[in-house]
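Below: the structure, in structure tokens.
The values are calculated or read from the model by the stated rules, or taken from the named source; none is laboratory data. All values derive from a computational prediction rather than experimental measurement. Positions of Cβ are generated from backbone atoms using ideal geometry, with glycine treated the same way; all protein chains shown enter the neighbour counts.
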Amino acid sequence: MRYKRVLVKLSGGALSGQSVWGFDPSAIENIASEVMKLHAAGVEVGIVAGGGNIFKGELGQDWGIERAEADNIGMIATVINSMMLRGALTSRGAGDVRVMTAIPINTVAEPYIRLRAVRHLEHGRIVLLAAGTGNPYVTTDYPSVLRALELRAEVLLSAKNGTDGIYTSDPRENADARRFQVISYDSVIQHDLKVMDQTAVLLARDNKLPIHVFDFNSPGAMERICRGEDLGTLITRGADQFA
Ligand code: UDP
């Protein structure tokens with residue numbers, strides 16, 4: 001295995017399938033199955049789920065809700081998604097699956113304690129890291145990188161729905177768009193590529209965390225990446241390479 005411990009970033013949209021809002025049972029089934037393939041291959045798995053299928057803080061301005069309050073609602077949305085995924089994973093036989101939250105909700109989830117999370121992973125438990133950082137003004141991109149670093153994951157697997165990597169421009173609008181096989185952190189930042197928040201890319205760059213951006217709808221993609229296949233686009237240091 002190329003990677004033995006990974007942090008998976010799923011956006012909330014992965015749980016809503018074709019819909020913008022809410023939950024799609026078949027999409028959740030697919031997530032559980034993909035995560036369990038990875039886990040069965042012996043990889044230690046942490047997951048940060050977004051909350052965009054329920055609420056995103058940036059919507060607050062349309063609703064007349066102050067940003068920090070809106071972000072708190074978004075963070076709670078990630079707790080709901082994490083619990084949904086725990087339910088789905090557990091009922092399909094994934095064993096002991098833990099939800100750890102940065103916002104204390106003690107009767108339904110464990111508080112996030114770094115060393116305890118590491119211990120869960122060492123024991124082979126899938127760990128869902130909920131409520132982001134516990135602080136507003138960022139999305140779940142930032143805590144995905146943060147938790148990956150804290151938990152000593154070797155890589156961040158950034159799951160995308162509907163695209164299989166990072167392109168020079170939108171391939172749906174531009175037939176000449178080219179996919180990067182490898183792209184540097186600095187290129188992502190300089191070209192302002194909308195793959196993840198820049199603050200998250202900077203944190204990854206400064207701490208040399210590799211990020212694989214891949215198509216979650218490609219069956220077995222996470223397991224194949226961990227086994228050494230170069231699917232999607234790898235964000236790392238060094239020269240850019242096209243696919
Ligand atoms: N959020 C936050 N702090 C964090 C992580 C998330 O305030 O550390 C809020 C923010 O409002 C964000 C929302 O939670 O919009 C849901 O997360 P995100 O937008 O990343 O969801 P995704 O787009 O991945 O579904």
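Name the residue, out of A88, A77, that is crowded, with 19+ Cβ neighbours inside 10 Å, within 8 Å of the ligand (Cβ to nearest atom) and among the small types (G, A, S).
Values: A88 fails: within 8 Å of the ligand (Cβ to nearest atom).
Exactly one of A88, A77 is crowded, with 19+ Cβ neighbours inside 10 Å, within 8 Å of the ligand (Cβ to nearest atom) and among the small types (G, A, S), namely A77.
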message = I'm checking my understanding of the structure. Among residues of the range 202-224 that are within 21 Å of L149 (Cβ to Cβ), surrounded by fewer than 22 Cβ atoms within 10 Å (Cβ to Cβ) and in contact (Cβ under 8 Å) with a residue 12 or more places away in the chain, which one is nearest to the chain's Cα centre (by Cα)?
response = P210
request  = Give me the pairs, please: first residue somewhere in the range 136-150 and surrounded by fewer than 23 Cβ atoms within 10 Å (Cβ to Cβ), second residue anywhere and outside any helix (DSSP H, G or I) and at pLDDT below 95, beta-carbon distance under 7 Å, and either six or more positions apart or on two chains.
outcome  = none
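Given the options R125, R227, name the one that is under 24 Å from V97 (Cα atoms) and surrounded by fewer than 15 Cβ atoms within 10 Å (Cβ to Cβ). I'd like the intermediate steps shown before the answer.
Numbers: R125 fails: surrounded by fewer than 15 Cβ atoms within 10 Å (Cβ to Cβ).
Just a single option satisfies the conditions, and that option is R227.
Evaluate the range 106-117: report whether one residue or more is outside any loop (DSSP other than H, G, I, E, B), surrounded by 18 or more Cβ atoms within 10 Å (Cβ to Cβ) and hydroxyl-bearing (S, T, Y).
no
Determine if the range 9-31 includes at least one residue that is touching a Lys or Arg at 6+ places or on another chain (Cβ under 6 Å) and either assigned to a loop (DSSP other than H, G, I, E, B) or buried (at least 20 other Cβ atoms within 10 Å of the Cβ) (or both). Full working, then the answer.
From the range 9-31, those touching a Lys or Arg at 6+ places or on another chain (Cβ under 6 Å) are none; that's our starting set.
Scanning the range 9-31, I find no residue that is touching a Lys or Arg at 6+ places or on another chain (Cβ under 6 Å) and either assigned to a loop (DSSP other than H, G, I, E, B) or buried (at least 20 other Cβ atoms within 10 Å of the Cβ) (or both), so the answer is no.
Considering only the range 161-176, I want to know if a residue exists there that is within 16 Å of the ligand (Cβ to nearest atom) and not β-branched (V, I, T). Don't jump to the end; show me each part of the working.
Narrowing the range 161-176 to residues within 16 Å of the ligand (Cβ to nearest atom): 161-163.
In the following step, the residues that additionally are not β-branched (V, I, T) were identified as 161-162.
So far as the range 161-176 goes, yes, one or more of its residues are within 16 Å of the ligand (Cβ to nearest atom) and not β-branched (V, I, T).
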query = Looking at A131, A239, A148, which one is among the small types (G, A, S) and more than 16 Å from the chain's Cα centre (by Cα)?
reply = A239
note = Exactly one of V127, V182 is in contact with a His (Cβ under 7 Å, 6 or more places away or on another chain) and either at positive phi or more than 16 Å from the ligand (Cβ to nearest atom) (or both), and that residue is V127
inquiry  = Where the second residue is among the β-branched types (V, I, T) and near the ligand (Cβ under 7 Å from one of its atoms) and the first is under 20 Å from M222 (Cβ atoms) and assigned to a strand (DSSP E or B) and lies in the range 42-59, which pairs have Cβ atoms under 9 Å and are six or more apart or on separate chains?
reply    = V48/T78; V48/T140; A49/T78; A49/T140
ask   = Just checking, how many residues over the range 126-145 are touching a Leu at 6+ places or on another chain (Cβ under 7 Å) and part of a strand (DSSP E or B)?
value = 3
ask   = Looking at (1) surrounded by 19 or more Cβ atoms within 10 Å (Cβ to Cβ); (2) in contact with a Lys or Arg (Cβ under 6 Å, 6 or more places away or on another chain); (3) more than 18 Å from L10 (Cα to Cα), which is the one condition that is false for D96?
value = (1)
message = Of all residues being surrounded by fewer than 23 Cβ atoms within 10 Å (Cβ to Cβ) and closer than 26 Å to R125 by Cα in the range 33-67, which is nearest to the ligand (Cβ to nearest atom)? Just the residue, please.
response = E34
